[in-house]
Amino acid sequence: MSHKAGFVNIIGNPNVGKSTLMNAFVGERLSIITSKAQTTRHRILGIVNGEDFQVILSDTPGIIKPAYELQQSMMDFVKSAFEDADVLLYIVELGEKELKDESYFSKIKNSPIPVLLLINKIDKGDEEQLAKALELWQSQLPNAEIFAISALENFGVAEVFQRIIELLPESPPFYPKDQLTDKPERFFVNEIIREKILLHYKKEIPYAVEIDTEEFFEDDNIIRIRSVIMVERETQKGIIIGHKGAALKRVGVEARKDLEAFFGKQIHLETYVKVNKNWRSNKNQLRRFGYNQ
Ligand code: GDP
Ligand code: K
Ligand code: MG
């Protein structure tokens, strides 16, 4: 029997729905999703296995102009998304005009690999808006195949997936057929906690936070986890903890619920907050948190 396998890279502006789409393909919450830009910091692989195919999707941070070292390293993940792909999924949302960084746009335009342009969030608009968007993108990217989808409502997603499989080369699988992602368990713990921080704290706080899971110990019926919430300044530590510890407690309770759903096991989660001055600008620190490839 013939077998197809290959790499599919998902790119686009912040907040257009890249992580939502990846999760819709994989059927699991691999990538954290919030309405804030820069939710996704790393490149994450999601693997979809069938009897005669293996689709390896990679979710990337949205395209931004780097302002500090962490952002620079996030953009390196985006750059690598142009390499080694068999299919490129370029996501825009209904009403979006153009890519914020033009150099990427010309890369997509001149891409030697097939580009599927996905107009996402069509649940939010009407037919007139969609017709306008189709016209705009057909003229902007004449080489791309265009699909209208709603990643959130799982509309049109199966059609895109079907087309991806058609475009993949004949190849044996690259990963074991029971593997879902390339990231270790601790990575998902960090991400689930970071999602709660993004949801519950304002302004710059989430961007000053990194999570480091120091302990992940799996027993027969429970997983014991200890994670550090790293901030840059003493004042941020106080904000994270909150009045009588209430804010941190909420993060812990919500993260534990999600962790139990993710791992399908009872979770004991311990979190504490530590100040690590200027970790975002420190190359060694960033490497430790997995940002340098
Ligand atoms: P990313 O930054 O490109 O990875 O975008 P996310 O997947 O994190 O999604 C950003 C926001 O858009 C979240 O609030 C999602 O729930 C929302 N979103 C994603 N896809 C859709 C969609 O098809 N329809 C609507 N209405 N919202 C969506
Ligand atoms: K986002
Ligand atoms: Mg994302």
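The values are calculated or read from the model by the stated rules, or taken from the named source; none is laboratory data. These figures come from a predicted structure and were not determined experimentally. Please note: Cβ atoms are built from the backbone with ideal geometry, for glycine as well, and neighbour counts cover all protein chains shown.
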Go through the range 28-71 residue by residue and tally those that are modelled with pLDDT of 80 or more, outside any loop (DSSP other than H, G, I, E, B) and away from ligand 3 (no atom under 14 Å from the Cβ).
7
Among the residues of the range 278-291, write down those that are surrounded by 13 or more Cβ atoms within 10 Å (Cβ to Cβ) and either more than 12 Å from GLU210 (Cβ to Cβ) or of a type in the set (Lys, Arg) (or both).
ARG280, ARG288
If a residue must be touching a helix residue (DSSP H, G or I) at 6+ places or on another chain (Cβ under 9 Å) and touching a residue at least 24 places away in the same chain (Cβ under 8 Å), how many such residues does the range 18-41 contain?
14
Restricting attention to the range 1-31, report how many residues are basic (Lys, Arg) and surrounded by fewer than 21 Cβ atoms within 10 Å (Cβ to Cβ).
2
Residues of the range 197-218 that turn out to be touching a residue at least 60 places away in the same chain (Cβ under 8 Å) and not aliphatic (A, V, I, L, M), as a count:
4
All helices (runs of 4 or more DSSP H) inside the range 87-195 with 3 or more residues being over 19 Å from the mean Cα position of the chain (by Cα) and crowded, with 18+ Cβ neighbours inside 10 Å:
none
In the list GLU270, GLU260, which residue meets the criterion of being in a strand (DSSP E or B), of a type in the set (Asp, Glu) and within 14 Å of ILE193 (Cβ to Cβ)?
GLU270
Select from the range 42-66 the residues that are within 11 Å of ligand 1 (Cβ to nearest atom) and either outside the structural domain of PHE161 (by TED's automatic domain parsing) or crowded, with 17+ Cβ neighbours inside 10 Å (or both) and list them in ascending order.
ILE44, ASP59, THR60, PRO61, GLY62, ILE63
Which pairs do you get when a residue that is free of Cβ contacts under 8 Å to residues at least 40 places away in the same chain, found in the range 254-276, comes within reach of a residue that is among the aliphatic types (A, V, I, L, M), reach meaning Cβ atoms under 8 angstrom, with the pair 6+ apart or on two chains?
ARG256/ILE267; ARG256/LEU269; GLU260/ILE267
Picked from the range 273-293 (must be assigned to a helix (DSSP H, G or I) and hydrophobic (A, V, I, L, M, F, W, C)), the residue farthest from ARG41 (Cα to Cα) is TRP279
Residue satisfying condition, being of a type outside the set (D, E, K, R), under 20 Å from ASN9 (Cα atoms) and in contact with a helix residue (DSSP H, G or I) (Cβ under 8 Å, 6 or more places away or on another chain), within set ILE205, ILE122, ILE146, ILE197:
ILE146
